[in-house]
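A quick write-up on the structure given underneath.
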Amino acid sequence: MNRIIVAACVAVALASPAAADPVHIRIGWAQVPTQMTPLVAELAKVHPELFVHLNETYTYEPMRFRGSPPQIQAFASNEIEVAAFGPGALALAVTNAHLDPRIVADIAQDGGQTGHYSSWWAVRKDGPIKSFADMKGHTAIVNARGATTDMFLRETMRKHGVADTDFVEIEADFGHMLPMLESGKGDIAPVMVQFSHDFLATGRYRPLFTTSDAVDGEPDQVLFWVMKADFIAAHRAAVVDLLAGHMAAIRWFLEPRNRQEALAITEAFTKQSPQALAYAFTNEDVYRSPDLVPVIPPIQRDIDLAYRMKMLPARIDVAPRHVDLSLVADAKKQLEGPPEKRR
């Protein structure tokens with residue numbers, strides 16, 4: 001009898017597959033709270049009920065970078081599974097790094113018809129830059145050459161008769177741009193939404209132009225998540241689980257009744273004051289899709305523009321090859337479906 005019981009137990013054990021380890025997913029990010037990745041990780045600590053499959057089918061590890069371009073190498077060398085790219089970085093990942101990325105989710109959209117924040121290029125009210133022509137012989141600060149900020153600056157200057165060689169560019173982290181302008185190390189810099197309060201509080205800066213001006217009032221898909229096609233194919237269910245949890249988190253942060261707690265989490269992470277974060281998760285912030293759906297045509301527009309400006313060595317056709325929105329569609333179904341069907 002004992003032999004029969006032991007044999008039966010062995011048979012059951014062999015027939016039952018061992019629980020697979022969660023898929024390790026590292027996610028690139030650069031600036032908070034525009035990029036919500038590290039805030040989502042903080043939210044998971046206090047509201048784990050929003051993340052049904054976290055640490056079961058997937059892990060969620062934020063990895064910080066200075067911008068999109070530095071993430072290309074990390075993405076290529078498998079140091080991150082999800083990259084936060086702008087349009088130029090997507091094209092370079094394909095043409096230079098010979099990768100096969102897929103746009104899978106929205107991060108942030110700038111301006112356009114949403115009525116949300118549009119980045120502006122700050123110059124001193126009492127400084128030498130009164131018009132576009134005055135940029136000749138002066139210095140612009142960008143976060144990274146080849147980034148979207150760099151492209152829009154150069155294109156706008158070209159439209160107003162200022163060639164790339166007419167001014168100097170230097171690179172700096174967004175957080176260092178105001179001190180650099182204040183010390184005279186630069187004459188113009190892009191103002192991301194999280195730093196707008198600090199610029200305006202000085203009373204010394206005005207916009208020379210905005211992103212909306214640069215793209216004729218159209219929206220701009222500033223940032224989006226990309227993943228490699230082979231990684232998606234190998235781990236599709238875990239990726240959908242990741243996106244369902246991330247979608248739940250973005251919706252939580254955007255829900256007005258959660259605002260005070262959302263701001264407390266953001267203040268604790270960024271060390272910024274309540275006054276500096278007063279814009280966050282309102283119409284004065286960048287637009288984030290609650291369904292994580294990016295707008296694809298602006299990405300193609302920006303790539304084509306960068307190619308025409310010779311800022312990219314080649315152009316790519318974004319859709320359909322480099323887009324996979326079925327993942328966020330399935331994540332939405334999972335998130336909004338009955339609890340018993342949430343795998």
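Of the residues in the range 138-160, how many are modelled with pLDDT of 90 or more, in contact with a Phe, Trp or Tyr (Cβ under 7 Å, 6 or more places away or on another chain) and either assigned to a loop (DSSP other than H, G, I, E, B) or under 16 Å from THR210 (Cβ atoms) (or both)?
Selection size over the range 138-160: 6.
Across the range 218-241, what is the total count of residues that are surrounded by 24 or more Cβ atoms within 10 Å (Cβ to Cβ) and more than 26 Å from PRO297 (Cβ to Cβ)?
Adding up the residues that qualify gives 1.
Scan the range 152-172 for residues that are surrounded by 20 or more Cβ atoms within 10 Å (Cβ to Cβ) and either of a type in the set (S, T, N, Q) or under 17 Å from the mean Cα position of the chain (by Cα) (or both) and jot them down.
Listed by number, the list holds a single entry, THR156.
Would you mind stating whether VAL323 is closer than 16 Å to THR148 by Cβ and surrounded by 14 or more Cβ atoms within 10 Å (Cβ to Cβ)?
On the way: closer than 16 Å to THR148 by Cβ: no; surrounded by 14 or more Cβ atoms within 10 Å (Cβ to Cβ): yes.
Criteria not met by VAL323.
Cβ-Cβ distance below 8 Å, separation of 6 or more or different chains: which pairs start in the range 303-324 with a residue that is assigned by TED's automatic domain parsing to the domain that holds ILE103 and end on one that is hydroxyl-bearing (Ser, Thr, Tyr) and modelled with pLDDT under 95?
The qualifying pairs are ALA314/TYR307; ARG315/TYR307.
Search the range 93-127 for residues being in contact with a helix residue (DSSP H, G or I) (Cβ under 6 Å, 6 or more places away or on another chain) and part of a loop (DSSP other than H, G, I, E, B), and hand back the single one that is nearest to ALA163 (Cα to Cα).
First, pick out the residues of the range 93-127 that are in contact with a helix residue (DSSP H, G or I) (Cβ under 6 Å, 6 or more places away or on another chain): 93, 97, 99-102, 104-105, 110-111, 117-119, 122.
Now drop any that are not part of a loop (DSSP other than H, G, I, E, B), which leaves 97, 99-100, 111, 117-119.
On the way: ALA97: 29, LEU99: 32, ASP100: 34, GLY111: 26, TYR117: 28, SER118: 24, SER119: 22 Å.
Restricting to residues being in contact with a helix residue (DSSP H, G or I) (Cβ under 6 Å, 6 or more places away or on another chain) and part of a loop (DSSP other than H, G, I, E, B), the top hit is SER119.
It is to be established whether one or more residues within the range 255-268 are within 19 Å of the chain's Cα centre (by Cα) and not hydrophobic (A, V, I, L, M, F, W, C).
yes
Okay, residues lined up against (1) touching a helix residue (DSSP H, G or I) at 6+ places or on another chain (Cβ under 7 Å); (2) at positive phi:
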| site | (1), (2) |
| --- | --- |
| ASP164 | yes, no |
| VAL168 | no, no |
| MET180 | no, no |
| PHE199 | yes, no |
| TYR205 | yes, no |
| ASP216 | no, yes |
| PRO219 | yes, no |
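Hey, THR211 hits all of (1) in contact with a strand residue (DSSP E or B) (Cβ under 8 Å, 6 or more places away or on another chain); (2) over 27 Å from ASP106 (Cβ atoms) but one; which does it fall short on?
(2)
Please go through the range 262-279 and give me each residue that is in a helix (DSSP H, G or I), touching a residue at least 60 places away in the same chain (Cβ under 8 Å) and of a type outside the set (A, V, I, L, M), ordered by number.
Result: THR266, PHE269, THR270.
Is it true that GLU171 is of a type in the set (Asp, Glu), closer than 18 Å to GLY146 by Cβ and out of contact with any Pro (no Cβ under 7 Å at 6 or more places or on another chain)?
Working: of a type in the set (Asp, Glu): yes; closer than 18 Å to GLY146 by Cβ: yes; out of contact with any Pro (no Cβ under 7 Å at 6 or more places or on another chain): yes.
Answer is yes for this residue.
Let me spell it out: the conditions are (1) surrounded by 22 or more Cβ atoms within 10 Å (Cβ to Cβ); (2) touching a His at 6+ places or on another chain (Cβ under 7 Å), and ALA276 meets all of them except one. Which number is the exception?
(1)
The values are calculated or read from the model by the stated rules, or taken from the named source; none is laboratory data. These numbers were taken from a predicted model, which means no experiment stands behind them. Don't worry about glycine lacking a Cβ; one is built from the backbone with ideal geometry, like all the others, and counts go over all protein chains shown.
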